[in-house]
Structure formats: C-alpha cells, structure tokens
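Trainee: My questions will all concern the structure given below.
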Amino acid sequence: MARVPFLGRGARSPLDIEDEEARALLAGAASAAAAETEFTAPEPDRTAAAFFDVDNTMMMGASLFWFARGLAARKYFTSRDVASFVWQQAKFRVAGSESASDMHTVRDNALAFVAGRSVHEIVEAGEEIYDELMADRVWSGTRALAQQHLDAGQRVWLVTATPVELASIIAHRLGLTGALGTVSEIVDGRYTGRLVGEMMHGESKAQAVRALAEQEHLDLTRCTAYSDSTNDLPMLTLVGSAVAVNPDAELRAVARSRGWTVKDFRTGRKAAKITGSTVGVAAVSGGVVGGLVALRRNQRWPF
C-alpha cells in the first residue's frame, strides 16, 4: 500500500496551512498518491473510471462508525463512549449548528486516537472489523453498479472521508481498483495523530479525484461519480456523469433539477428503519473521529 512520506525537518507541516483551499489541494494530492492503481482487465478502458462514495452509498451507515465499534470491542475505548458521541453528533447535525470552528476542531483532532500506534496494527484490526461488522452492510445494488464499470474494463475507486487504510480494505474486499481516503501522517510505521491536509470531504474529494485523473490519464468527462449527499457535489459536478444513490432530500432535488440518474436501494420499512437508526452514524465520518478524540482527551485514556 502506498504511503505518504513524512514531510521531514524544515518542511511545512499540514497543520500550519490555514488556507482551506490549500489544505484541500494537499489532501487530494496525498490521497491520490496513496491510491493503488493495479488494473488487470483484459481489455481496459483506460480513460474512463467510476468513483463511489462509501457511507450510505456503498454501505449502510458510516464505515468509520462501524470501525469505531470494532475498535471499542478491542478495548481502544468503550461502546458507551461511542454511543454517547453518536447521540450528541446526531443532535448536533440535526440542529444545524455546525460552524467553521467546529469543523476545524474535527479536522485537527481526526485520527489522534491512534497516535503512536503502528499502521500494521490498525490495518490488521480493520481487516477483522470489516468481516465482522461491514461486509453484510454493503448495498448489493450499489455493488452491482460498480461491477458494471469493472465489466466494461473501467477502474473503480472508493472516495471517502474514512482513513485510506480502511477504505483500501473495503475496496479490496469488494474487488475494486482502490480507494481515495483521508491520509494520516506516518513516521517510522506509526501514526503521528495528524492529517495530511484536510479530511477527504467536500472539496477535498474533488481535488483527490482531479489529482488521480491527472496521475492516471483519465478523461473526467467520461467518468461517473456516485453519492448519497449534497456534501459530494464538488465531486459529482466534476465528472461527466453523476448518479444519486440512496439520496438525501437535498441531493434528490438537485438530481432532478439536473437530470441525473437516481438509484434508491432502500425499500419500505427497511428504508425508514435505516433512516431513523443511522441519523447519527451517517453524519460526516470525521465528526465521529473528532468526538471520539474529545472523549479520549476528557477521560485521559492510557493509549
């Protein structure tokens, strides 16, 4: 798996870069550099590709929430802490009180809870947690959409706010090309607890796709993007074709106004149950991480 090298002495730390656009550019470049590009289709269509959001698009709920649950089961923190934060996060999102300072806090705290731990340890846990908690939550309909692109000889990447290591595990389990995810700074095989640029969210996703397209010589007008949320409009409007999958109300309205295809794999009571039970866990994945970090710091956990 490709890694983003440590910036080294004298280099400017990502945390010192305050300009949001610059941070998004840095995050996109780092994510594209970390993306795997192996491609073995017999007759590849090398200039077209597909990009799939993960949370509520490829998978029910937030992948990072399930990851956190799995880590809680392994005593990284407690299930009560996870549940408490998810409830707080749900109220926070529904109330619409998100501010720039809140997002900066989430950004700066993201992944701090694995600071000092080895990449191998976290990847190994991620492999187990995917099998235990995530595999059965993949939407078969969305997976089939991805397979259509693969069958056409096109590459398929996941694009998600979840850590690139976990995103890559999901991609490989699904037989996809690779993943663009949030990149953490790594020194000597261990996480420093800092991010490289922004989280892979909003404009950062578009920057990552743009950087990967340049790296892989893709024609973005021939590419397709899939998402459930208006948060991903920068990515959806970057490519030639956009598809709203299990869309929220805002994205459904945008899709209708722009003539985009809408795919909804939720049905009847099942959709209602998912909507109600995942209102918190479906929040931006970075918020989950930031909340867990806050809990860790407040309770002075020993890891």
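Each row is one residue, and each column tells you yes or no for (1) assigned to a helix (DSSP H, G or I); (2) within 24 Å of residue 207 (Cβ to Cβ); (3) free of Cβ contacts under 8 Å to residues at least 40 places away in the same chain.
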site	(1), (2), (3)
120	yes, no, no
129	yes, no, no
133	yes, no, no
148	yes, no, yes
156	no, yes, no
160	no, yes, no
168	yes, yes, no
185	no, yes, no
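Trainee: Test of understanding: among 258, 252, which residue is touching a strand residue (DSSP E or B) at 6+ places or on another chain (Cβ under 7 Å) and of a type in the set (Lys, Arg)?
Mentor: 252
Trainee: Here are some conditions: (1) closer than 27 Å to residue 251 by Cβ; (2) surrounded by 24 or more Cβ atoms within 10 Å (Cβ to Cβ). Residue 184 meets all but one. Which one does it not meet?
Mentor: Evaluating residue 184 over (1) closer than 27 Å to residue 251 by Cβ; (2) surrounded by 24 or more Cβ atoms within 10 Å (Cβ to Cβ) leaves (1) as the failure.
Trainee: Considering only residues that are among the hydrophobic types (A, V, I, L, M, F, W, C) and in a strand (DSSP E or B), look in the range 187-205 and name the one that is surrounded by the most Cβ atoms within 10 Å (Cβ to Cβ). Spell out the reasoning first.
Mentor: The first filter runs over the range 187-205 and keeps only residues among the hydrophobic types (A, V, I, L, M, F, W, C), leaving 187, 195-196, 199-200.
Keeping just the survivors that are in a strand (DSSP E or B) gives 187, 195.
Working: 187: 12, 195: 27.
This residue is 195.
Trainee: Moving on to the next point. Yes or no: residue 268 surrounded by fewer than 19 Cβ atoms within 10 Å (Cβ to Cβ), modelled with pLDDT of 95 or more and either closer than 20 Å to residue 66 by Cβ or more than 20 Å from the chain's Cα centre (by Cα) (or both)?
Mentor: No.
Trainee: Separate question: For the range 230-256, name all the residues that are under 15 Å from residue 158 (Cα atoms) and not in a strand (DSSP E or B).
Mentor: 232, 235, 236, 239
The values are calculated or read from the model by the stated rules, or taken from the named source; none is laboratory data. Source: prediction; values computed, not measured. Positions of Cβ are generated from backbone atoms using ideal geometry, with glycine treated the same way; all protein chains shown enter the neighbour counts.
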